[in-house]
Each structure stands twice: as structure tokens, then as C-alpha cells.
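The values are calculated or read from the model by the stated rules, or taken from the named source; none is laboratory data. Computed from a prediction, not measured in an experiment: that's the story for all the values here. Cβ atoms come from the backbone with ideal geometry, glycine included; neighbour counts cover every protein chain shown. These accessible areas exclude ligands, DNA and RNA; they are computed on the full protein's heavy atoms, side chains included. Shrake-Rupley method; radii C 1.70, N 1.55, O 1.52, S 1.80 Å.
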Amino acid sequence: MKAWVLEGSRPLCGAIRAAGAKNAVLPMMAAAILSDRPVVLRRAPRLRDVRTMTGLLRRLGACVEHSGDELIVDAGRINGWSAPWAAVRRMRAGFCVLGPLLARFGRAVVPLPGGCRLGDRPIDLHLAGLRALGAQIEIQSGCVIAAARRLRGAGVMMSGRFGPSVTGTAQLLCAAVAAEGETTIRGAAREPEIVDLARLLSAMGAKIEGAGEATIRIEGVAGLGGAEHRVIADRIEAATFLFAAAVTGGDVLVEDADPAHLEAPLAALTAAGCRVEVRRSGIRLVGPSGAAAGFSHIPEPSCGTIRVEPVGAPTGLPGSAGHGNRMGAPARFPGSVGDVPRMGATAGLPGSAESDFERAGGVVRNWAGGRLAPVSIGTRPYPGFPTDLQAPWTALMAVAAGRSRIVDEVFPQRFAHAAELRRLGAMIRVEGNAAEVVGPARLEGAPVRATDLRAGAALVLAALAARGRTTIFGVAHIERGYERLAEKLRSLGAQLAVESALPRNSVQIGLP
Ligand code: EPU
């Protein structure tokens, strides 16, 4: 069995470069179906999910080449409109080919993506949207069978009980750009990945207004051409590295990370006592020394590899406001985390800082004597705190000095990581869509299993903070969405060995 073996309790220091965004590149690869000309994607990450999408597109007849960080999808010779079950079963983003196939060929057969570790993940919004554009849709033998002579523009609602659907919005964008007439998507997802997809589609000749806002207007065009596009940096990967610096009391610069895409996580990190610097080259985070595992003996990190540059122009970001002023309230806080403090009171805070934070929009800022401070968060659609960072944040809060509450409003059942974090010593209680975390836990290495991509990231963070050896199984999940994570962590000083065939019974549980 493949596994990662980590020896934790070492501060991570240095600089790494963010990869291209997984959740941007996957719908873009599907969007390339809309054209018979090549679509060139730069900064395309080398990920398992990208390989799965490549396989899916090749099965449809597309030519896909990934060389370095350049990915070329040439759908000129696509000769099928039926997506293979194996690819969509492995990766929900495979379902994104439905809209483009329908728009280009007037028909599509795509397997239902089914449930997953994050809980129930319906596709009702995707189907209602496509039906509104005039598609006939049936479900037969576990497949969505869709047909439309020519899609027609219409008004579509993309928000459901848990907010807007991200891939649903991508699906509808791809169908509407080739529909006859105007489409208005209300309740659209505002994620940067949607804005980036709209940029690619515009470069291909689409007419789109309002991407990044809740209402998007699309004027259908007769045909789309090829395009070249540079994919945005992966905000979730970037934040994961910042969290790694925070949890180990380290000092990491994530080059190319875009602070505008990370307002809520940066505010939460600042509130937890980290120093966040926004630079022209990226984002640097200095964690409270002694953050890892609640140990006080961790030496001050020596971070000679960080290049010193002029700090970028003030952005109004919470991170920059927090720099050099550990007790200060941020200048601005993304409003959508605003409901959290009702759920996350933390004892013993300097009153004014706490109430400033609460007034500013929601995170309780704390001073925890050189350790991470507990910060309660609630996940929300963008620009709120991303659900994809909920599990990693839970790992951070396990070593924070106090009690925090973590609510997932987007995927209420996304707590599979809690049980595995408990194996490492984290004190977490899950009830409904919320986890109560009590820290600082004295994390100790143990064998654990990644149950999904972000749960895997949470385990890596906890393992970095834990004393002793952690063996993480199920790393294929992690490789779905983090490009060369083991290598990048090692370059920052993590002690991490990749075991390609670890016998199941070889894992030693280090009991005294
Ligand atoms: N929902 C519905 N009906 C639908 C679609 C979604 O009720 O038709 C619900 C979902 O059950 C969920 C909420 O709406 O409660 C949001 O789901 P969404 O459709 O936005 O999720 P997604 O598009 O399937 C993308 C990302 C996920 C990320 C979510 C939320 C991609 C390829 N995936 O999924 O990324 O968690 O948005 O931001 O873009 C990950 O990278 O680890 C990951 C899971």
C-alpha cells in the first residue's frame, strides 16, 4: 500500500510556488469540447484529476497533450457524446462535460456522479438549468440522457438550499454561451474559478457579463474558437501551505498566491495570531512559534530562504492590517463569515479586540501566548470561508489554545476527517454540521487514512504538528488535488518519506 510517513514537529520554512487551480482547470478542459479548435491552458497542474479528465476527453475522441505546465485540448475530432462511467464515477467534475457536449452535438449521455464522502451531492440544479435552456432530459440506467436541437437562452436559478452550485454554474455557462439568445443565471456561484472559466470562454468568443457576481448574463454565439489562457493559482493549495506554516510555527512564502481570493482564510489566520504579509510575489505567513503540538520547546525557525522584498501596496486585506499589530482588528472582513461569532465565543480575550472583530464581521481574535489562538469559522460560498479548507482548519484548531467551533454550511456532512484526527490525539466532537474542537491537543503520530482530498490535507497538517511518526494511507486522494505535495513539503523542511508499497502489517503503533 502506498503511504506517506511523516516525522512531525518541525517548523516549515521557505518559499514554494502555487500550482494552477484544480477546480478551474477541470471545467475548462470540459469547456474545450465547445470548439473544434485547440484550447491551450497554461499553468495547468499535474494532478490525478487532470489525468482522469484527460482520459475522459480522449475516450470521446479529443486529442489532449500535457507538457510541462501547458495543457492542450483539441476537441476537433470528438466523435462521441457518451462519457465513460469509470471517469465520472472517480471524479464528479467529469459531469461537467454534459453542458458542452449538449451545446456542441445536441445530445449527451453522462453517468450520474453519485454520492461521495462529502455527503449527498445532488445535481438537480444542473438539470433544472439545462431543462430551462430547452434540453430534454431523462435518467435511464444511471445515466443522464440529454437532447436539444438548439439550446435557447432563458432565466436560470443556480442556488439551492446550500447556496449556489459551483460546477452547476460552470455547466450552465458552457451551455448558454452556445445557446440561441440571452441567458440570465441568477444565484450564480461567484468563485474565482467561475470568473476564470468565463475569461477562457470569452477568449474563445463567448459574450459574458457579470462573472463573479450573483447574476451572470450571457449572449449566445453561433460558434466558439480556440484560445490560450493562463489558469489562476490554486487558492486552496496556497492556503494549505499557509496553514502548514501556521500549524508548525514556521515561515512560508507561497509565490503567485492571490490574496484577493483568500480574504476569509487570511482573516482567520490573522485572528489565530499568525502574521500574514501580502507581497508582490505572493503571500507570506509566519506562524506563532511553538504552535506545533502545543510544545514550547520548538526552536525559533530560521528562515534564510525567504527572499525579502518590498511589501505590496496596501490592499485593505485583513492580513496586511494584522501585520505588525497582533492585537489590531482588521480593516475589512469578508462579510459572509459574519454569523460565526454567535457560535464561537472564546474565553479570556482582551475585550476591545474581540468586540472589534465581532463588529468587523465575525472572527474572534485572540492572543494565546505564542500559540495559535482558537478561531471559530463557518464555511460559506465565495467570498466566505471555503468548505475546501474546513478540514484543514479543523487540524489547525486542534493545536490552538482553546475551544473553537467549525460549521460547514456548504457540505453539512463533511466531517470524515474528525475521526482520523482524533487518532492523532485531536479533541473533536461532531454534532450535525458542526465540530467543537478543544485545544491545544498534544498530537502524537499514528497510522491514519485519508478518506477524501481535503481530509487528507488535514491529516498532513496534523502530522506536521504531531510528535513522532504518522503514516498516512489513502494518499491517492491527496494526489487528486495537490501537485507534488510531498516534494513541496520536503523542500520546506518536512521530513516525509513516500512508501510505494508499505505492507499493511508493517505499521508500528508506537505505544510506550
Ligand atoms: N447542490 C445541490 N444541487 C445541485 C448541486 C449542488 O443541492 O444540483 C448542493 C451541494 O450538495 C452542496 C452545495 O450545493 O451542498 C454546493 O455544491 P456545489 O455544486 O457548489 O459543489 P461542486 O460544484 O460539486 C465544487 C468543487 C468542490 C467544492 C465545492 C464547493 C469542483 C470540481 N469541485 O464542487 O471542490 O467543495 O464546489 O465549493 O469545482 C475539492 O476541491 O476538494 C472539492 C470538493
### Summary
Looks like segment 397-512, by Cα gyration tensor root eigenvalues a ≥ b ≥ c and the a/c under 1.5 rounded cutoff (else prolate when a/b is bigger than b/c, oblate otherwise), is prolate
### Query
Of the accessible area of segment 104-152, with the probe set at 1.4 angstrom, what percent is carbon plus sulfur?
46 percent
### Query
With contacts defined as alpha carbon pairs under 8 Å and 6 or more residues apart, what's the relative contact order of segment 443-493 in percent?
42 percent
### Task
Note down the nm distance, to one decimal, between modelled labels 7 Å out along Cα→Cβ at Leu112 and at Glu255.
4.7 nm
### Task
Taking each pair of different alpha-carbon atoms in segment 108-206 once, compute 1/r for the pair, average those values, and report the inverse of that mean as the Kirkwood hydrodynamic radius in Å to one decimal.
14.1 Å
### Task
Return, for the Cα atoms of segment 44-170, the radius of gyration and Dmax in Å, separated by a comma.
14.8, 41
## Note on the structure
For Arg484 and Arg280, extending 7 Å from Cα along the Cα-Cβ vector and measuring point to point gives, in nm, a value of 2.5 nm
### Task
Work out how much length Trp85 to Ala419 would gain on full extension: take 0.36 nm times their residue separation and subtract the Cα-Cα distance, in nm to one decimal.
117.2 nm
### Query
Tell me, Kirkwood radius of segment 136-275 from alpha-carbon pair distances, in Å?
17.3 Å
### Message
Test of understanding: express the Cα radius of gyration of segment 195-285 as a ratio to 2.2 N^0.38 Å, with N the residue count.
### Response
1.42
#### Entry: Of all DSSP beta bridges in segment 358-503, antiparallel share, percent nearest 5
60 percent
### Message
Under the rule of at least 5 residues apart or a separate chain, name every residue whose amide H is placed under 5 Å from the amide H of Arg17.
### Response
Glu255
### Task
For segment 148-223, just say rounded, prolate or oblate: build the C-alpha gyration tensor, square-root its eigenvalues into a ≥ b ≥ c, call rounded for a/c under 1.5, and beyond that prolate if a/b exceeds b/c, oblate if not.
oblate
### Proximal aspartates and glutamates to Lys2, defined as alpha-carbon separation beneath 14 angstrom and excluding residues fewer than eight positions away on the same chain
Glu479, Glu499
### Task
Work out, step by step, the length gained on full extension between Asp124 and Ala147: first 0.36 nm times the residue separation, then minus their alpha carbon distance; give nm to one decimal.
6.6 nm
### Task
At 0.36 nm per residue, minus the direct Cα-Cα distance, what do Lys2 and Gln136 gain on full extension? Give it in nm, one decimal, please.
43.8 nm
### Summary
Percent relative contact order for segment 37-178, counting Cα pairs under 8 Å at least six residues apart, stands at 20 percent
### Task
Determine, for each peptide in 38-49, 425-436, the mean count of other beta carbons within 10 angstrom over its residues, then list the peptides with the highest first.
38-49, 425-436
### Query
Cα gyration tensor of segment 86-135, axes a ≥ b ≥ c as square roots of the eigenvalues: rounded (a/c below 1.5), prolate (a/b > b/c) or oblate?
oblate
### Message
Restricting to Cα atoms and excluding each atom paired with itself, what does the Kirkwood estimate give for segment 369-420 in Å?
### Response
11.4 Å
### Query
To the nearest whole percent, what portion of all C-alpha pairs in segment 1-107 is separated by more than 17 angstrom?
55 percent
### For peptides 438-448, 79-89, sequence by mean Cβ density within 10 Å, most packed first
438-448, 79-89
